[in-house]
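The values are calculated or read from the model by the stated rules, or taken from the named source; none is laboratory data. Only a predicted model underlies this, so the values are computations on that prediction, with no experimental measurement involved. Because the Cβ atoms are built from the backbone with ideal geometry, glycine has one as well, and the counts that use them run over all protein chains shown.
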Amino acid sequence: MNDGGDASRLYFASSPDIEVETPLIKESATALAAWAARPGEIFTVSDADGVGYRARLVSLDPPVAIPFVRLAESHEGCELVLCQALPARERFELILEKLTELGAARIVPFSSRHSLTLKERDASQRKSHRWPHLLQRASRQCRRTMLPELSDVLPFEAMLQEVHEADLALILDVRPEALPLRQLFATAQTPQRIALLVGPEGGFAPEEIAQAQQAGAIAVSLGQRILRTESAAIVTASLLQYRFGDLG
Ligand code: SAM
């Protein structure tokens, strides 16, 4: 739905020196277009070793930037894919902004038994066309190295493909039988890719949780208090970052 993901990363063509104009790789045009970059703006540009630099863009054609700060070696831990049941009102916009700041690599909105559909959500005022712009704005603000990839709104069953593709998949479950997240953290190895499934205001239907478990997801609990869906997504992403390192 947007031009996010790895294709939006910016790279120097050679190892840069601080305060020296340095060309970006020839293929930067697509990434610069995805960011709607303009000369004078600051971005995070990586060298061939993956070290990031804050750099001011000098020109787009040819693509040239001046690095002015070398960032610490990258500690990116694992990729987070947030699968979020489509919530009502402005909650999804809040989730997009905060999960961008927290480093989610991919965001997959989905409809489920108790969630709205995109049509219902857009009925009063069409907001979904603003989502790519919101991700771009949040990514610029927090100076991410890439834009999160935003998927179309998927039906629940299609979203489960993300569970298959992750090496750790969690479904947030308010029922008492769910495993406390703290307990999972005590034994889990750092995965490369985590899929996190968050339910809508009306919660997941028990059959949906069973389906996700059959696909390989672990039902986990954040404790006895019922959080709003946006709080659950933000808190869990923060905890995952604390436990597994910077999300990338
Ligand atoms: N009445 C709903 C229910 O019984 O499921 C409450 C849904 S809650 C507002 C929205 C979603 O946030 C839930 O479906 C779940 O994915 C997540 N969530 C909220 N609080 C949670 C908790 N304490 N533990 C695990 N997940 C939680």
Pair list, Cβ under 7 Å, 6 or more apart: the stretch 208-233 residue in the same structural domain as PRO176 (by TED's automatic domain parsing) and within 17 Å of SER112 (Cα to Cα), other residue more than 6 Å from the ligand (Cβ to nearest atom) and among the charged types (D, E, K, R): GLU208/ARG113; THR229/ARG91; GLU230/ARG91
Odd one out for LEU227 among (1) within 17 Å of LEU86 (Cα to Cα); (2) more than 10 Å from the ligand (Cβ to nearest atom); (3) of a type outside the set (S, T, N, Q): (2)
Residues that are touching a helix residue (DSSP H, G or I) at 6+ places or on another chain (Cβ under 9 Å) and among the hydroxyl-bearing types (Ser, Thr, Tyr), drawn from the stretch 14-56: THR30
Filter result (within 20 Å of the chain's Cα centre (by Cα) and over 15 Å from PRO63 (Cβ atoms)) within the stretch 1-45: MET1, ASN2, ASP3, GLY4, GLY5, ASP6
Any pair with Cβ under 9 angstrom, 6 or more apart, that starts in the stretch 143-165 at a residue that is under 16 Å from ALA31 (Cβ atoms) and touching a residue at least 40 places away in the same chain (Cβ under 8 Å) and ends at one that is assigned to a helix (DSSP H, G or I) and acidic (Asp, Glu): ARG144/GLU101; MET146/ASP6; GLU149/ASP6
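State yes or no: is LEU239 within 16 Å of the ligand (Cβ to nearest atom), among the hydrophobic types (A, V, I, L, M, F, W, C) and not assigned by TED's automatic domain parsing to the domain that holds ALA36?
Against the criterion (within 16 Å of the ligand (Cβ to nearest atom), among the hydrophobic types (A, V, I, L, M, F, W, C) and not assigned by TED's automatic domain parsing to the domain that holds ALA36), LEU239 qualifies.
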Count - residues of the stretch 112-129 that are in a helix (DSSP H, G or I) and in contact with a helix residue (DSSP H, G or I) (Cβ under 8 Å, 6 or more places away or on another chain): 4
Elements of type helices (runs of 4 or more DSSP H) contained in the stretch 141-231, each with 1 or more residues being within 26 Å of ARG9 (Cα to Cα), modelled with pLDDT of 95 or more and not basic (Lys, Arg): 156-159, 161-165
In the stretch 181-209, residue nearest to the ligand (Cβ to nearest atom) [restricted to those that are of a type outside the set (S, T, N, Q) and exposed (fewer than 12 other Cβ atoms within 10 Å of the Cβ)]: PRO206
